[in-house]
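Remarks on the structure that follows.
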Amino acid sequence: MRLFLSSYRFGAHVDRFVELVGGPGPIAVIANAADAWPARARESAVVSDVVPLRRLGFAPTEVDLRDFVGAPDRLADTLSAFGAVWVRGGNTFVLRAQLARSGGDAVLSALIRDDRTAYAGYSAGACAMAPSLVGVDSADDPAEVLPACGIEPRWDGLGFVDFAIVPHCLPGTDGTADPAHPGDEAARMVAACRTAGVPYRMLTDDQAIVKEAGATAVL
């Protein structure tokens, strides 16, 4: 199992990302966390992720989960052709709903657990890997799910880490997330997690969580 979970893209650890996914090669880009956005904004979001991946030597291809609704076997065949998956930010609940509609949650779980695919996700793409999305609603609006996806929000994550991820925290003097002053949005999510008794880890936009061979580290 290889996971690279960050607050914003590569953070300050682009070399570790490249190493973890096995070097440049074909990579699937999943941008469905942006499905509630206007079409032009979504297109721009995809380009903004594809360009830096290409600069690193990767060959990115968008895999739009909306094209695989009710077709998990076809999605499995498609994703199996890639050694890595890149899942961008947006609305975590929208991403989770699209994973459910396409069967992408089960497909990715199998590929990741068998170490056939490395998973890299930032912001919503990282938050979706928690056991639960409780607390995420303080930053992402679950009400965007029904009009964008046609189903009710899901509150379960994929469960590849055993804590919630709080992205976009402000750094303290040591460069790690400042628990006393994490920033307004992060502070709301921290408060929601504490109220619900959900364990969490805070990340600045320079930090990432790497899980490999059963070991989890915050960079």
Only loop residues by DSSP count here, and only those with at most 16 other Cβ atoms within 10 Å; note down the trypsin sites (Lys or Arg not before Pro) in region 47-120 that meet that. ARG116
Per-pair calculated FRET efficiency, R0 = 45 Å: THR61 and HIS181 via Cβ, rounded to 0.05: 0.65
Can you give the charge dipole size of the chain about its Cα centre, rounded to the nearest 20 debye, using +1 on the beta carbon of Lys and Arg and -1 on the beta carbon of Asp and Glu? 240
Coil-residue trypsin sites (Lys or Arg not before Pro) of region 127-219, DSSP, other Cβ within 10 Å capped at 13: none
Using the Cα centre of region 54-175 as the reference point, and only Cβ charges (+1 on K/R, -1 on D/E), how large is the resulting charge dipole? Debye, rounded to the nearest 20. 340
For the chain, built as a Gaussian network whose Cα springs stay under 10 Å, the top-fluctuating residue of ALA84, ALA36, ALA180: ALA180
Once both label points are put 7 Å beyond Cα along the C-beta direction, the ALA143-ASP15 separation in nm becomes 4.7
Selected from ILE112, LEU20, VAL145, residue furthest toward positive end of dipole (region 15-155; charges at beta carbon): LEU20
Averaging sequence separations of C-alpha pairs under 8 Å and six or more residues apart, then dividing by the length of the chain, give the relative contact order as a whole percent. 27
Could you derive backbone 3J(HN,Hα) for region 195-200 from the dihedral phi with the Karplus parameters 6.51, -1.76 and 1.60 (θ = phi - 60°), listing whole Hz in sequence and x where the residue is Gly or Pro? 4, 8, x, 8, x, 8
With the chain treated as a Gaussian network of Cα nodes joined by springs under 10 Å, which of PRO171, PRO38, PRO131 yields the largest mean-square fluctuation? PRO38
Surrounding charge for PHE93, neighbours by C-beta under 9 angstrom, Lys/Arg +1, Asp/Glu -1, total -2
Amide H neighbours of ALA118 at under 5 Å, excluding residues fewer than 5 places away on the same chain, with H built from the backbone geometry, are ALA84, VAL85
Given the Cα-Cα distance of SER80 and ARG188 and 0.36 nm per residue of separation, how much length would full extension add, in nm? 35.1 nm
Among DSSP beta bridges whose residues both lie in the chain, state the antiparallel percentage, nearest 5. 35
To the nearest 0.05, what FRET efficiency results for ARG116 and ARG40 with a Förster distance of 35 Å applied to their C-beta separation? 0.50
Starting from the Cα-Cα distance between ALA213 and VAL69, subtract it from 0.36 nm times their residue separation and give me the gain in nm to one decimal. 48.7 nm
With the radius of gyration and the Kirkwood radius both derived from the Cα set of the chain, what is their ratio Rg to Rh? 0.94
Under 5 Å between amide H atoms, partner at least 5 residues away or on a different chain: which partners does ARG154 have, H built in plane at 1.01 Å? ALA97
Amide H partners (placed H, <5 Å) of THR204, local residues excluded: CYS169, ALA177
Helix-only CD estimate at 222 nm, as mean residue ellipticity for the chain, using -39500 (n - 2.57) per DSSP H run (n ≥ 4): -10000 deg cm²/dmol
Using a/c under 1.5 as the rounded threshold, could you call region 69-190 rounded, prolate or oblate? The axes a ≥ b ≥ c are square roots of the C-alpha gyration tensor eigenvalues, and prolate needs a/b larger than b/c, oblate otherwise. oblate
Projected area averaged over orientations for region 1-61, convex hull of C-alpha atoms, nm²: 4.5
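We did not get these values from a lab; they are worked out from the coordinates using the rules stated. None of the values given here were measured: they were computed from a predicted structure. Heads up, the Cβs are rebuilt from the backbone with ideal geometry, glycines too, and the neighbour counts pull from every protein chain shown.
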